[in-house]
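Asker: Handing you this structure, nothing more for now.
The values are calculated or read from the model by the stated rules, or taken from the named source; none is laboratory data. In this text the structure is predicted, and so the values were computed from the model without any measurement. Positions of Cβ are generated from backbone atoms using ideal geometry, with glycine treated the same way; all protein chains shown enter the neighbour counts. Areas reflect the complete protein model, heavy atoms only, side chains present, ligands, DNA and RNA absent. Shrake-Rupley method; radii C 1.70, N 1.55, O 1.52, S 1.80 Å.
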Amino acid sequence: MNNPDFLIIGGGPAGLMAALAASDFGLKPLVIDENQKPGGQLIKQTHMFFGSKAERAGTRGFDIGIELAGEMEKRGIETWTNSPAVGYYPDGTPACRNSCYGELLWRAGTVAVLRNGQLHGLKPKAVLAATGASENFVTFPGSDLPGVYGAGAVQTLMNVYGIKPGQSVLMIGSGNIGLIVSYQLLQAGVKVKAVIEGLPNIGGYLVHASKIARAGVPVLTRHTILEATGENQVTGAVISKIDDKWQPVKNSEQKIECDTICLAVGLTPLTEILWQAGCQMNFVPELGGQVAWHDELMMTSIPGIFTAGDVTGIEEASTAMLEGELAGLGAVKYLRGESKELQIRIDDTACRLAGLRAGPFGQKAREGKCKLKECRR
Ligand SMILES: Cc1cc2nc3c(=O)[nH]c(=O)nc-3n(C[C@H](O)[C@H](O)[C@H](O)COP(=O)(O)OP(=O)(O)OC[C@H]3O[C@@H](n4cnc5c(N)ncnc54)[C@H](O)[C@@H]3O)c2cc1C
């Protein structure tokens, strides 16, 4: 048994920023992550980030990951890698007695963590679920053939393990992930035959779309995949135009020869831990599906359990970092009480987060968060 005050599940940008913010105010968090090194999605992001300079725009994702992990190490914040949290068991024991929230509401739980082949039962006083998201899949005839991948998985293969997924790719989905991974495939010497998109417009930033268009990759909007062809592995795909009811347009089928099909069709928050803890969950399509209700400091309906980053709504690393920071500060407030210095930092972080979401690209998240706020039961 090892009982940290503040356990952070997930060492992506949200979890690492939460740990650093909490440590600024004297907490000693423990971060656990199922991967070999901390950084979450950042470790595979070779492109420079967009957005505000104040939130590291212009820096490559993996450099941000290295910077955050380096700061963690410098401060001696304990991080367990290769350590998935495999379950949360509410067990009815009082967790935290000096909470500034007054009445003790949270009945502590045990987080089961698998580490070095052993199951550890951790009983923290506060927990942050910063578990990120998983890739969505679509099914079509042949979608179970070897050679059909999630685009994020392809990015991991190439940029973390140095393995090309194939020689020629059809990308499904023109959001930022589809566009960025297409460009990175081109950089790795893989031919991208086309990017297809069901909607009438390209979903991602124009700057990413322009890069692949300049390299001669067609982006076909209002198109879908009908089937993947091949006996034992993908050898091609049949695509077709679709009408405004998403029905295939007759005689518009095209065959594309390729050995890899990448699906970049969205992400779904990874909320299992929050469900197991009994947090109030709400379906908010703008945030990517079922997410846990949370307050301004990222605390869920269960005092002491926090959530931040993609698991609370699919956005970006920049917003994940600021939500993580707020959750870390929220844990300080929950465990140690209020202070003027803490409130100044909370206000500053909340203001930067609102600033990031203020533009047109933040509209979906803004609407989703507003909806979620109103769901409190
Ligand atoms: C191709 C691509 C390009 C992107 N480009 C940009 C960009 O230009 N700018 C930008 O701001 N954002 C970008 N993003 C988005 C950004 O990467 C994510 O929004 C961000 O990483 C979310 O951070 P997070 O900490 O919430 O989750 P993640 O980064 O996903 O981290 C979650 C971590 O938790 C771990 N975990 C999950 N479950 C468990 C468990 N049970 N036990 C232990 N560990 C667990 C995961 O393995 C992971 O390491 C991009 C994403 C992709 C895929």
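Asker: Could you give the angle, 0 to 90 degrees to the nearest 10, between helix 61-74's Cα long axis and the longest principal axis of the Cα atoms of the chain?
Answerer: 20 degrees
Asker: So if a site counts as exposed when it's one of the GluC sites (Glu not before Pro), its DSSP state isn't H, G, I, E or B, and it has at most 13 other Cβ atoms within 10 Å, what's the longest stretch of the chain without one?
Answerer: Longest gap between qualifying sites, sites excluded: 104-230.
Asker: Between Ile163 and Lys340, what's the calculated FRET efficiency when r is the beta-carbon distance and R0 is 41 Å? Round to 0.05.
Answerer: 0.20
Asker: For the chain, what is the accessible area per residue in Å², given a 1.4 Å probe and the full set of protein chains?
Answerer: On a per-residue basis, 46 Å².
Asker: Would you list, by chain and number, the lysines whose Cα falls below 20 Å from the Cα of Lys37, excluding same-chain residues fewer than 8 positions away?
Answerer: Lys37 reaches Lys28, Lys74.
Asker: For the chain, take the longest principal axis of its alpha carbons; what is the angle in degrees between that and the long axis of helix 340-356, to the nearest 10 within 0 to 90?
Answerer: Between the helix axis and the principal axis of the chain, the angle is about 10 degrees.
Asker: Under 10 Å, Cα contacts only: if you run a Gaussian network model on the chain, which one of Gly26, Gly266, Gly117 comes out with the highest mean-square fluctuation?
Answerer: In the Gaussian network model the winner is Gly117.
Asker: List the aspartates and glutamates whose alpha-carbon lies under 20 Å from that of Lys241, not counting same-chain residues fewer than 8 positions away?
Answerer: Excluding near neighbours in sequence, the set is Glu197, Glu227, Glu253, Glu257.
Asker: Further, regarding this structure: Can you send over the carbon and sulfur percentage of the accessible area for the chain, probe radius 1.4 Å, protein chains only?
Answerer: About 52 percent, which is the carbon plus sulfur part of the accessible surface.
Asker: For the chain, set up a Gaussian network in which alpha carbons nearer than 10 Å are linked by springs, and say which option among Pro303, Pro360, Pro90 fluctuates the most.
Answerer: Greatest mean-square fluctuation among the candidates belongs to Pro360.
Asker: Please work out the ratio of the alpha-carbon Rg of the range 137-263 to 2.2 N^0.38 Å and round it to two decimals.
Answerer: 0.98
Asker: How large is the Kirkwood hydrodynamic radius of the chain, in angstrom, based on all distinct alpha carbon pairs?
Answerer: The Cα-based Kirkwood calculation yields 21.7 Å.
Asker: Now, a different point. Can you return the lysines within cross-link range of Lys245? Criterion is Cα-Cα under 24 Å, with same-chain partners fewer than 8 residues away left out.
Answerer: Lys255, Lys364
Asker: I would also like to ask the following. Report the antiparallel proportion of the DSSP beta bridges in the chain as a percent, rounded to a multiple of 5.
Answerer: Rounded to the nearest five, the antiparallel share is 55 percent.
Asker: Which of the peptides 200-211, 37-48 is most tightly packed, and how do the rest follow, going by the mean number of other Cβ atoms within 10 Å of each residue?
Answerer: Sorting 200-211, 37-48 by mean packing, highest first, produces 37-48, 200-211.
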